[in-house]
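This report concerns only the one structure given below.
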Amino acid sequence: MTTRIGIVGAGFIAGRHVDSLTALDGVEVVGVADPRTDRAEVLAARAGGAAHDRWERLLDAGGLDAVYVCVPPHAHGAVEDAVVDLGLPLFVEKPPARDLATAERLAGRVAAAGLLTAVGYHWRYLDTVELARRLLAGAPARLVLGAWLDRAPRVEWWGRQDGSGGQVVEQLTHLLDLARVLVGEVESGWAVGARSPDGPGDIQDVGTASVRFASGAVGSFTHSCLLPRGFRIGLEVVAPGLGLWLTEHQVAVSDAEGERVVERAFDPVEVEDAAFVAAVRGEGDGVRATYADALATHRLAVAVAAAAAGGGEVRL
Ligand SMILES: NC(=O)c1ccc[n+]([C@@H]2O[C@H](COP(=O)([O-])OP(=O)(O)OC[C@H]3O[C@@H](n4cnc5c(N)ncnc54)[C@H](O)[C@@H]3O)[C@@H](O)[C@H]2O)c1
């Protein structure tokens, strides 16, 4: 059985998905669409599919079993509407949109259509996160510290508030999502942020938020894009007798057994793509972040960003 996939957007993350998807048995990336036709042609050639200058042409070409949407946050909306109209399974890279209204509206359409969806919160697919969940099962988290201290990605839309939605919506969202998975829902909080004269674009380049979880745990999330490279990106979790430091590549554990570092065993994007393809084929449901899940994280990220830009209180 061949699963035929179309990719909208031919940038960095689309490239990661194409490499992972084309390594799966019975998966064909039959088309790639990007108004930057140079990129569409290069990625389509790498995938062994056709290049299109507009996503409409990719969908009109037909014969698809599922669609990946890997466009910048500001470009979500019309393409997802068209995929929902066709009733095709939909994979959307995070965040689901730059703003909340677009994501809310699409979530309603996806739910009404009962569409199979997945969103690119790939940290959920880390085997180290599974270990963290098991360790926390015995001792629920009491404190969470999330840090995304990094350089600004070198893409033109990232430094523009109307392009990316800002660092909280575009990057820190990974850690807010992970905290929701490991600790539960945030019920209140406070956030502040600032823009430095030499920061990128018009977004806040530093910020911090303190939150309270419904579980009674408390947390703090900080971000900056003023660094020359990734400096500190991960989540620290404290529970009685347990300390965890989770990054995209490993987890450091401190508990009664002592201290140890566990490297991840699998590339989470490969696990994520394999789970989505299996779900498209009706072979089990390993999808860990549906559109509805992603919307809940996006609501939190947008609320934290709005609080940092406005009065401070995180309004959920
Ligand atoms: N899960 C992750 O770790 C991860 C990593 C990187 C990026 N992302 C997310 O993926 C998205 C894309 O990021 P990127 O780094 O690949 O950006 P990018 O700028 O490298 O690529 C985006 C591509 O989308 C194209 N595009 C824009 N509008 C389009 C449209 N209407 N139709 C078709 N193509 C269109 C652009 O021309 C560009 O080539 C962002 O939302 C980002 O947050 C996720």
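Some observations on this one:
- The sole residue among PRO153, PRO200 that is at pLDDT below 95, within 16 Å of the ligand (Cβ to nearest atom) and not assigned by TED's automatic domain parsing to the domain that holds ARG98 is PRO200.
- Residue count, the stretch 85-99 (criterion: away from the ligand (no atom under 14 Å from the Cβ) and either closer than 26 Å to GLY166 by Cβ or open to solvent by less than 10 Å² (accessible area, probe 1.4 Å) (or both)): 1
- Among the residues here, ALA101 qualifies as at pLDDT 95 or above and under 24 Å from LEU295 (Cα atoms).
- Residue list for the stretch 28-82, restricted to those being within 8 Å of the ligand (Cβ to nearest atom), open to solvent by less than 30 Å² (accessible area, probe 1.4 Å) and closer than 16 Å to ARG4 by Cα: ALA33
- Elements of type helices (runs of 4 or more DSSP H) in the stretch 30-104, at least 2 residues being among the small types (Gly, Ala, Ser): 37-47, 78-86
- Within the stretch 113-141, the set of residues being open to solvent by 50 Å² or more (accessible area, probe 1.4 Å) and basic (Lys, Arg) comprises ARG133, ARG134.
- Residue within the stretch 39-54 that is closer than 14 Å to ASP273 by Cβ and modelled with pLDDT of 95 or more present: yes
- Restricting the stretch 276-316 to residues that are assigned to a loop (DSSP other than H, G, I, E, B) and charged (D, E, K, R) leaves a set whose member that is nearest to the chain's Cα centre (by Cα) is ARG288.
- Verdict on VAL144 being β-branched (Val, Ile, Thr), surrounded by fewer than 19 Cβ atoms within 10 Å (Cβ to Cβ) and not in a helix (DSSP H, G or I): no
- Test: residue in the stretch 264-272 that is over 25 Å from PRO89 (Cα atoms) and surrounded by fewer than 21 Cβ atoms within 10 Å (Cβ to Cβ): yes
- Condition check for ASP273: at pLDDT below 95 and either under 30 Å from LEU116 (Cβ atoms) or not in a loop (DSSP other than H, G, I, E, B) (or both): no
- Looking only at the stretch 273-314, residues that are out of contact with any Ser or Thr (no Cβ under 9 Å at 6 or more places or on another chain), open to solvent by 30 Å² or more (accessible area, probe 1.4 Å) and over 19 Å from VAL110 (Cβ atoms) come to 6 in all.
- In the stretch 244-272, the residues that are assigned by TED's automatic domain parsing to the domain that holds ASP19 and within 13 Å of ALA132 (Cβ to Cβ) form no Cβ pair under 6 Å with any partner that is of a type in the set (Lys, Arg) and within 16 Å of the ligand (Cβ to nearest atom), whether six or more places apart or across chains.
This table checks each residue for (1) touching a Phe, Trp or Tyr at 6+ places or on another chain (Cβ under 9 Å); (2) of a type in the set (S, T, N, Q); (3) over 17 Å from VAL79 (Cβ atoms).
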residue: THR3; (1), (2), (3): no, yes, yes
residue: ILE7; (1), (2), (3): yes, no, no
residue: PHE12; (1), (2), (3): no, no, yes
residue: ASP19; (1), (2), (3): no, no, yes
residue: THR22; (1), (2), (3): no, yes, yes
residue: VAL27; (1), (2), (3): no, no, yes
residue: ALA33; (1), (2), (3): yes, no, no
residue: ALA40; (1), (2), (3): no, no, no
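- Of all residues in the stretch 6-21, none satisfies the criterion of being touching a Gly at 6+ places or on another chain (Cβ under 7 Å) and without any contact (Cβ under 8 Å) to a residue 60 or more places away in the chain.
- Residues that are touching a helix residue (DSSP H, G or I) at 6+ places or on another chain (Cβ under 9 Å), open to solvent by 10 Å² or more (accessible area, probe 1.4 Å), more than 14 Å from the ligand (Cβ to nearest atom) and not in a strand (DSSP E or B) occur at least once in the stretch 166-180.
- In the stretch 280-298, the residues that are closer than 21 Å to GLY87 by Cβ form Cβ pairs under 9 Å with partners that are at pLDDT 95 or above and open to solvent by 60 Å² or more (accessible area, probe 1.4 Å), at six or more places apart or across chains, as follows: TYR291/ALA111; ALA292/ALA111; LEU295/GLU104.
The values are calculated or read from the model by the stated rules, or taken from the named source; none is laboratory data. This one's a predicted model, so the numbers in the text were calculated from it and none came from an experiment. So basically every Cβ, Gly included, is an ideal-geometry build from the backbone, and we count neighbours across all protein chains shown. When the accessible area is computed, the model is the full protein with side chains, heavy atoms only, and any ligands, DNA or RNA have been set aside. Shrake-Rupley method; radii C 1.70, N 1.55, O 1.52, S 1.80 Å.
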